[in-house]
1. Rank these by accessible area, largest first, 1.4 Å probe: S97, S174.
2. When only DSSP loop residues count, what chymotrypsin sites (Phe, Trp or Tyr not before Pro) in segment 14-51 have their Cβ near at most 13 other Cβ atoms within 10 Å?
3. Pairs of Cα atoms under 8 Å, at least six residues apart: use those to get the relative contact order of the chain, whole percent.
4. With labels modelled as points extended 7 Å from the Cα through the Cβ direction, what inter-label distance (nm, one decimal) is found for S418 paired with R26?
5. What FRET efficiency comes out for A90 versus D225 if R0 is 45 angstrom and r is the Cβ-Cβ distance? Round to the nearest 0.05.
6. Given a Förster distance of 45 Å, report the FRET efficiency between S44 and N82 from their Cβ-Cβ distance, rounded to the nearest 0.05.
7. With a cut-off of 8 Å between alpha carbons and a minimum separation of six or more residues, what is the relative contact order of segment 344-431 in percent?
8. Rounded to whole Å, give me the distance from the Cα center of segment 207-264 to that of segment 76-96.
Amino acid sequence: MFSSRLYKLSPIFIQNFLLSSRAFIRKKLRENKESERLTKELISHDYNSEVLKQYQSKTLTTVLTEAQNSIAFYRRFTDDINTFPYIDKAEVNRNKSKFLSPSKSGVVVKGSTSGTTGAPLTIPQNMQSVVAEQAFINRMMHWAGVGSNDKRAWLRGDMIVPQDQKEGPFWRYSYFENMILLSSFHLAQKNLDSYLTAMQNYGVQAIQAYPSSIVTLAKYLEVNDAYYPGDLKSIITSSESLSKEDKLLIEKRFKCTVFDWYGLFERVAAIASCEHGRYHILTDYSYVELVPAGKTEDGRDRAEIIGTNFNNSLYPLIRYKTGDHVVLSEEVTCPCGRIFPIIDSIEGRVGDYLIGDDGQKVHILNHIPKGVSGLLATQFVQKEKNKIDIRVVVDQSKFDNKQRSILINNAKAKLGNSIEFNIEELEELPRTKNGKARQAICSIEN
Ligand SMILES: [Zn+2]
């Protein structure tokens with residue numbers, strides 16, 4: 001809708017009306033009696049392991065039985081999930097039609113994976129899947145203490161303001177949702193102050209954001225030695241990886257807890273952080289297997305997330321390899337009291353990496369900007385083996401030659417001395433069409 005001519009040419013008050021109407025229809029479709037009932041049921045799992053266990057085993061049995069009965073790809077397997085093969089994106093892409101249930105009824109929604117690695121995958125979902133997803137979001141909001149009438153800010157890559165528009169305001173309103181939507185595509189330094197003021201003036205009580213967007217605002221506050229002046233209940237982040245350092249920075253500068261959500265369009269796993277900062281695997285969302293995948297640099301166990309979705313009988317994926325890694329935790333119980341298993345952290349998507357001068361892939365790049373003053377955003381681009389561009393958005397009064405050399409030295413320490421680094425100052429980072437900012441873009445094979 002946002003890319004349509006009608007929307008782009010409309011005055012702002014009509015744009016507000018159009019996006020409010022769209023939100024109203026979506027809300028009506030997703031938030032019904034069934035999502036309310038499921039939300040309550042999900043909340044009842046939080047502290048009750050018996051109830052959770054029963055729900056999991058009942059749901060898994062249903063998924064496997066239905067798959068054997070109606071999905072061509074799964075016809076030859078038995079009741080035991082361990083007899084099903086691991087599959088991945090490429091395998092599903094090769095056998096697209098074999099995963100589709102013939103019993104197509106009601107509304108079908110299609111969505112695609114981002115496709116930063118490999119060919120994107122299109123997955124049809126039935127309405128039951130959309131409603132279930134809403135119930136899990138509702139529970140997350142419940143964890144975050146956000147009520148349905150609270151005023152929210154939405155900073156998640158909707159192109160609500162045409163990208164070539166240079167003058168503000170860079171936000172619009174969705175009246176039925178009590179929401180101010182802010183553009184992720186206009187986060188240039190000169191605009192950041194107006195973003196913070198707009199949220200404060202609207203009386204925002206919670207923010208839902210992409211990590212890269214909200215971190216830019218938090219860094220801006222840090223550079224100016226300031227704090228967000230409004231009173232927030234919480235911030236909910238998702239759709240990109242969020243480092244521990246960035247999470248702490250957002251919490252400090254916005255004076256509230258960040259609840260981070262990991263999910264993927266294949267809907268085979270969801271992991272949510274609680275008010276004590278622990279990441280919980282939501283074992284009522286899907287059946288998750290953690291398969292050992294080596295050690296981290298500091299010697300801790302790493303595992304790949306392999307998941308079986310519970311809520312899309314139209315296109316069930318069983319034992320799907322996500323390619324995403326988690327670092328395991330030794331903690332068994334969380335101070336929050338919720339019973340979902342704990343992991344230490346989610347590592348960046350395997351797709352985002354650079355290649356060091358020893359030929360190794362380097363995935364964790366969070367430490368490179370550490371200790372550099374005046375940096376608002378950073379992105380690494382490697383087109384040649386021994387050359388890396390560091391794109392930065394900076395506060396020019398703080399980012400001087402000394403800071404430039406700290407940044408380059410940090411990069412050399414991580415990636416190798418023989419690599420040539422070139423710092424490129426930009427007004428804002430280039431974003432994907434979804435408004436995300438990738439941490440690293442590497443276009444060479446190693
Ligand atoms: Zn917890």
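1. Details: S97 95, S174 0 Å².
Highest to lowest solvent-accessible surface, that is S97, S174.
2. Y47
3. 14 percent
4. Roughly 5.0 nm, to one decimal.
5. 0.40
6. 0.95
7. Values: 131 pairs, mean separation 27.4, N = 88.
Reported relative contact order: 31 percent.
8. Here the two parts' Cα centres lie 38 Å apart.
The values are calculated or read from the model by the stated rules, or taken from the named source; none is laboratory data. Source: prediction; values computed, not measured. Backbone-built Cβ (ideal geometry, glycine too); neighbour counts: all protein chains shown. In case anyone asks, the SASA skips ligands and DNA or RNA and just uses the protein heavy atoms, side chains included. Shrake-Rupley method; radii C 1.70, N 1.55, O 1.52, S 1.80 Å.
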